[in-house]
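What follows is a set of notes on a single structure, which appears directly below.
The values are calculated or read from the model by the stated rules, or taken from the named source; none is laboratory data. This structure is a prediction, so every number in the text was calculated from the model and none was measured. As a convention, Cβ positions derive from the backbone with ideal geometry for all residues, glycine included, and neighbour counts pool all protein chains shown.
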Amino acid sequence: MNAVICATGTYVPERRMSNHEFEEYLDTSDEWIVSHTGIRYRHIAADDQAASDLATEAAKKALHRAEIDPAELDMILLATATPDFVGFPGTACIVQDNLGAKNAAAMDLVAGCTGFIYGLETAKGFISSGFAKKVLLIGAEVLSRHVNWQDRNTCVLFGDGAGAAILCADEGPAERGVLYSYIRSLGSGARLLERTAGGSRFPYKQGETDPNDLLLKMDGRKVYNFAVSSLVETIDHLLDYHDLSVDDIKYIIPHQANLRIIEAAAKRKKIPLDRFYVNIQEFANTSAATIPIALAELQGKHMLQEGDLLIAIGFGAGLTYGGNLIRW
Ligand code: UT7
């Protein structure tokens, strides 16, 4: 049974924040941010928008494109590191209610910036087992709520947004959809990218908890090195599995964390940079949402044809990394 991506949708908040806005209050510059990351803009959620709101908008667009009624959905998977509420309730359940997807089970998936990659294989599993015929998979983040706006090492890197894909069971004879996934974790690096307090390890204690410990922290250099080697390792595994060469792949869609990470991996693998789909200049790093936003853009711009082979690759908190080989 194939698990085919039958529609995609995306939503980013209206507010578009340029690098120059940071220059007004931080010791940074547009030149530094562009030359070190490739980022020029990020979109920032309105005060009344939470992750479920962005996710719902992206999902509605995908449902509309596929002409699928929400009641037809069997499962909603929501990859996010920035849920509406800590731990419970799951944000996917809120989206299920917003959509009126009355027959769908719903759960969140926590795998950092690799969440959508893990989600594609999870969705395929629900379809292959016969449990589901239609799975809505969403990556949605409101990172602006969790970055330290005074920390130039991190706040310039992130943005808010959501992307959705609907995976449909397909019994056609040709192998299509999610063909193969290579997904891994490296828990030894768990604390390289974290929000220290507020969980069960360091619970929030009034008057004791440092407010900065509630916000995102990252050892950028170490995560950078991990990111480049993850990209290279994942490309190798996905190509080797089907004995493919990079010439067989229409686009590699990497997690959009830093253009320099993508350039370094391209150089190491001797792959032309234009084979990688890059939109980081507009959206910055939206964690679990970068890959579905890119997929929806590619589809929206009619850049994909049936039969095209794609590789999607994620890496991030956990640490987690990996990718999917997809036939469109
Ligand atoms: O999605 C999750 C995965 N995340 C990632 O993959 C991110 C991985 N890491 C990175 O992309 C890069 O390491 C960063 C973009 C975070 C940092 O770039 P870098 O070239 O590795 O910079 P650095 O950390 O080596 O810092 C170099 C200098 C430092 O100053 P000193 O100590 O040399 O005086 C930083 O304080 O650049 C400084 N710096 C900045 N300067 C101006 C760091 N951020 C900024 C900034 N503006 N925004």
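Results, tabulated for the structure shown:
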read-out	value
Test: residue in the range 54-61 that is in contact (Cβ under 8 Å) with a residue 60 or more places away in the chain, within 16 Å of the ligand (Cβ to nearest atom) and not assigned by TED's automatic domain parsing to the domain that holds ARG260	no
Matching residues in the range 297-328 - criterion: being surrounded by fewer than 24 Cβ atoms within 10 Å (Cβ to Cβ), closer than 20 Å to GLU282 by Cα and touching a residue at least 40 places away in the same chain (Cβ under 8 Å)	GLU297, LEU298, GLN299, GLY300, MET303
2 or more residues within 15 Å of the ligand (Cβ to nearest atom) and in contact with a His (Cβ under 8 Å, 6 or more places away or on another chain): qualifying strands (runs of 3 or more DSSP E) within the range 160-238	160-170
Subset of the range 270-295 [more than 16 Å from the ligand (Cβ to nearest atom) and surrounded by 24 or more Cβ atoms within 10 Å (Cβ to Cβ)]	LEU295
Count of the range 26-53 residues which are away from the ligand (no atom under 16 Å from the Cβ) and farther than 19 Å from GLU14 by Cα	0
Residue that is nearest to the ligand (Cβ to nearest atom) [pool: residues in the range 303-328 that are hydrophobic (A, V, I, L, M, F, W, C) and under 14 Å from VAL178 (Cβ atoms)]	ILE313
Considering residues of the range 72-89 that are free of Cβ contacts under 8 Å to residues at least 60 places away in the same chain and touching a helix residue (DSSP H, G or I) at 6+ places or on another chain (Cβ under 9 Å) only, the residue nearest to PHE315 (Cα to Cα)	PRO83
Selected residue (criterion: farthest from the ligand (Cβ to nearest atom)) from residues of the range 141-159 that are hydrophobic (A, V, I, L, M, F, W, C) and crowded, with 16+ Cβ neighbours inside 10 Å	VAL142
